[in-house]
Structure formats: structure tokens, C-alpha cells
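Accompanying notes for the structure given below.
The values are calculated or read from the model by the stated rules, or taken from the named source; none is laboratory data. Source: prediction; values computed, not measured. Using ideal geometry, Cβ is built from the backbone for each residue, glycine included, and neighbour counts are taken over all protein chains shown. The protein model used for the area step is the full one, side chains on, heavy atoms only, and it has no ligands, DNA or RNA in it. Shrake-Rupley method; radii C 1.70, N 1.55, O 1.52, S 1.80 Å.
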Amino acid sequence: MSLIRLVARLILVVVGGIAGCFAESKHYRQLRRREAAPGPTLTNLKRLPRGLVAARTFMCVGSVVIASDYAKSFAGAFESLIGGEVTQLETLIDRGQRESLQRLRDQAAAHGAAIVLNIRLETAVIGQGAEIIAYGTGVKLAN
Amino acid sequence: MLLSNLKNPPGFRITKHVGLVIGNTIRAKHIGTDIVAGLKNVVGGEITGYTELLSESRNQAIKRMANSAKRAGANGIVNVRLGTAMLMGGAAELYAYGTAVVVEAEQADVAD
């Protein structure tokens, strides 16, 4: 590989890594705020807790398509040689799952749900990225 | 049409199981979105173009499943499951499947 291409790659890795870092901490701040805000309770229960009566039930879905940043893919290539946990992807998937859960929560809140039952999380690889979906049954209570 | 990923949605009684219904869509890549995705690969994070595209397709797949159920004489679908699969050529298939049922509301004062 010529020197220019190598340097260009390194610059992309550093720029991508730094920008990615900032974007990540900002996203985590937003996630923490949204998770602490009042709204529907997210569960993977199959039944309503005793004493609650349903007035309306409907499907809710939240989804995210994510791409890994250059620095992570680079580091990932090294880690895949030695095996073990793929740590640089953990935060990406974690953010994706929490973000799709918050979107699910927003959709449920828009329809007046107090609780969401039977939440399922699925991840699918699509090209250079992954799609994470969270779906469940939102329940609007009678009282 | 009642849609739920529960086997027994609260507030409803299932009177008849009609059968399995499926809805799916296949979405091809979009050149413009792909270019943005390539750029996003440098910074990392969400590819909003694709999220919207796939979300739309998923809603279409769910609608097709609901239409199948309606044609079969059902008024609800329970145990709905969603999935995404990547196909050759970079296309993605989004599918939804569930059990079409005839339901009735359990109490007189339950809406919908």
C-alpha cells in the first residue's frame, strides 16, 4: 500500500474515531435523559399485572439501522485475530438497542399506552450495518 | 384490526383461530442512501436514511399481513413476529407473520 493511502487511512481512522467518540457520549446523555423521563413502562411480561384492565391493545415497533465507525472496524480486525469479546461493537449495539427501545416507548406513548408487554429485540445484519428492532404490545389501561 | 405480539392480548377473548398469515416486502438498496452510509461508516452511528426506508417497508409488510387476515375472515392477529433477512444483491426482506383470529372484546365497556 502506498504511503499516501496509508496516511489517508490513518487520518480517517483518527478523525472517525474522535468524531465517533463525541457522537457516542452525546447519544448516551440523551438516552439516559429519555430513559429517566416519565412514560410507558417497558416489559417483556406476557400478562398485565394483577388489577389492571386493558382498554386498548396495539402493536408498537421501534427500529434503528447502525453503522460502525472506521476506527472500530479497524480495531475490530485486530481483535478478531486473537478472539475473545468484541468490545468495540458492544457500545454500538447497546446504543442501538436502547435507542430502538426508546422509539418503541415514544410510539406507545403517542397512542396512550401505560405499559408495553412482550417486548422482543431482534438484530439483523444488512450490508455494512445492522438493523435492530424492538417490538411489543402497547396496552392502554381502562382506568 | 387488532395486532398484538402476545398470544392472548388482555381485554380480548379469541373465539376462533383462522390460521397463519404472512406479509413481506423486499427492499433494494438505494444508491444515494448507500453513499451516505459509506460516509457514516467513518463516523459511526445511525444511518437515518436506511432506518426510514426499512421502517416504511416494515409497515407495508404488516399491512399485507393484515390484508391477508381480513380476506380470511379474521378481525385480529396474535403472536405477531417480525424479522429482517438480507438477500443477495444487498436487498433486505422484511417479514411479519402471525396467527389470524376472530376476537371479541371481553367487557362491555372496553373500546375497540
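Descriptive notes on the structure:
- A:Ser2, sole failed condition from (1) among the small types (Gly, Ala, Ser); (2) modelled with pLDDT of 80 or more; (3) open to solvent by less than 40 Å² (accessible area, probe 1.4 Å): (3)
- Test: residue in region A:27-35 that is of a type in the set (Ser, Thr, Tyr), part of a helix (DSSP H, G or I) and farther than 30 Å from B:Ser57 by Cα: no
- Sole exception among (1) under 24 Å from A:Gln97 (Cβ atoms); (2) touching a Lys or Arg at 6+ places or on another chain (Cβ under 8 Å) for A:Pro38, by number: (2)
- Taking the conditions (1) open to solvent by 70 Å² or more (accessible area, probe 1.4 Å); (2) at pLDDT 90 or above; (3) away from every other protein chain (no Cβ under 14 Å) in turn, A:Pro40 satisfies each one other than (1).
- Residues that are in contact with a helix residue (DSSP H, G or I) (Cβ under 8 Å, 6 or more places away or on another chain) and among the aromatic types (Phe, Trp, Tyr) within region A:1-46 comprise just one, A:Tyr28.
- Top-ranked residue in region A:100-126 [being surrounded by 17 or more Cβ atoms within 10 Å (Cβ to Cβ) and facing chain B (nearest Cβ under 7 Å); ranked as nearest to B:Pro10 (Cα to Cα)]: A:Leu117
- A:Gly136 in contact with a Lys or Arg (Cβ under 6 Å, 6 or more places away or on another chain), within 26 Å of B:Glu93 (Cβ to Cβ), modelled with pLDDT of 95 or more and crowded, with 16+ Cβ neighbours inside 10 Å: no
- Subset tally (residues that are in contact (Cβ under 8 Å) with a residue 24 or more places away in the chain, surrounded by fewer than 15 Cβ atoms within 10 Å (Cβ to Cβ) and assigned to a strand (DSSP E or B)) for region B:77-101: 1
Residue by residue, here is whether (1) within 13 Å of another protein chain (Cβ to nearest Cβ); (2) within 27 Å of B:Ala28 (Cβ to Cβ); (3) at pLDDT below 95 holds:
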| residue | (1), (2), (3) |
| --- | --- |
| B:Ala66 | yes, yes, no |
| B:Lys70 | no, no, no |
| B:Thr84 | yes, yes, yes |
| B:Leu87 | yes, yes, yes |
| B:Ala92 | yes, yes, yes |
| B:Glu104 | no, no, yes |
| B:Asp109 | yes, no, yes |
| B:Asp112 | yes, no, yes |
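- A:Ala130 crowded, with 17+ Cβ neighbours inside 10 Å, modelled with pLDDT of 80 or more and in a strand (DSSP E or B): yes
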